[in-house]
1. Which of these, PRO165, PRO40, PRO30, has the largest mean-square fluctuation under a Gaussian network model of the chain (Cα springs below 10 Å)?
2. Set the bar at 27 Å for Cα to Cα. Now go through LYS169/LYS205; LYS41/LYS200; LYS66/LYS200; LYS41/LYS121; LYS121/LYS189; LYS38/LYS66 and name every pair that lies beyond it.
3. Classify the stretch 123-220 as rounded, prolate or oblate from the Cα gyration tensor: take a ≥ b ≥ c as the square roots of its eigenvalues, call it rounded if a/c is under 1.5, otherwise prolate when a/b beats b/c and oblate if not.
4. Determine the sum of side-chain charges near VAL80: Lys and Arg each +1, Asp and Glu each -1, restricted to other residues whose C-beta is under 10 angstrom from that of VAL80.
5. Under a 10 Å cutoff between Cα atoms, tell me which one of ALA72, ALA209, ALA44 has the largest fluctuation in the Gaussian network model of the chain.
6. For the chain, give the percent of accessible area contributed by carbon and sulfur heavy atoms, probe 1.4 Å, rounded to a whole number.
7. Under a crude label model (7 Å from the Cα following the beta-carbon direction), how far is VAL126 from LYS200 in nanometres?
8. Give me the net charge for the shell around LEU188: Cβ to Cβ below 12 angstrom, other residues only, Lys and Arg +1, Asp and Glu -1.
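The values are calculated or read from the model by the stated rules, or taken from the named source; none is laboratory data. Quantities reported herein were computed from a predicted structural model and do not represent experimental measurements. Positions of Cβ are backbone-derived with ideal geometry, glycine not excepted, and every protein chain shown enters the neighbour counts. With ligands, DNA and RNA removed, areas are computed over all heavy atoms of the protein, side chains included. Shrake-Rupley method; radii C 1.70, N 1.55, O 1.52, S 1.80 Å.
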Amino acid sequence: MLVWGTMDINYLGHSSFRMRGRSATVVTDPYAPYVGFKFPKVEADIVTISHNHEDHNQAQLVSNVKRVVAGAGEYEILGVSIIGIPSFHDEEKGAKRGTNTIYVYEMDDLRLVHLGDLGHKLSEGVLEDIGTVDILMVPVGGFYTIGPAEASEIVRNIEPTITIPMHYKVAGIDEATFGKLSSVEDFLKDIALPTENLDKLSVKKTELAEEKKVVVLERR
């Protein structure tokens, strides 16, 4: 049962999360089975797609979707504010892997950011656009995205209250495609913040602690 004013965040694997708030449920970056595991059955009002690769753009796998957001812009959907900020999938302005969209969500008085498959450091301008962040979802696996060291630097620049790592090597992931990703432990060593391991994150703006921490979520 969802307590009024409490947001539930589940990790669906890879770069996909389900954020369930008062007025709407959002799913980020649903993925194809070639990742190595099957995308779970899930419903959402809104799906956001960070970029058009098959391990991030499978919106049709989510049930009862009212709106798919795929790209930069400002959106108001079912009481959820979403800002898409353009960025790149690599450090060569998209020459290797194309573009990427960073999403800033305002739900239930919380400000959440999903960096997608970010492949470069963030400029001062983008950091200003991102602003103050309660919860940051950041890729940490390297190879296709920023790695542990770059991810740690970005976390230090943004200073979110809660950091949730994503897009790293886990048991069951397809070795041929994703075998070169770093594990989450490499990021945890680098960032050196208090860490919690949870099945899901239930969070309320009024109950956010001042202490910054990393939450590693179990895949649903």
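1. Evaluated over the chain, the most mobile residue of the options is PRO40.
2. Working: LYS169/LYS205 31 Å; LYS41/LYS200 16 Å; LYS66/LYS200 24 Å; LYS41/LYS121 34 Å; LYS121/LYS189 20 Å; LYS38/LYS66 23 Å.
Over 27 Å apart, Cα to Cα: LYS169/LYS205; LYS41/LYS121.
3. Values: a/c = 2.06, a/b = 1.32, b/c = 1.56.
Oblate.
4. Values: positive: ARG22, ARG67; negative: ASP45, GLU76, GLU106, ASP108.
Cβ neighbours under 10 Å give a net charge of -2.
5. ALA209
6. Details: 4680 of 9890 Å².
Here carbon and sulfur together make up 47 percent of the probe-accessible area.
7. 3.2
8. Details: positive: LYS189, LYS213; negative: GLU185, ASP186, ASP190, GLU196.
Here the charged neighbours net out to -2.
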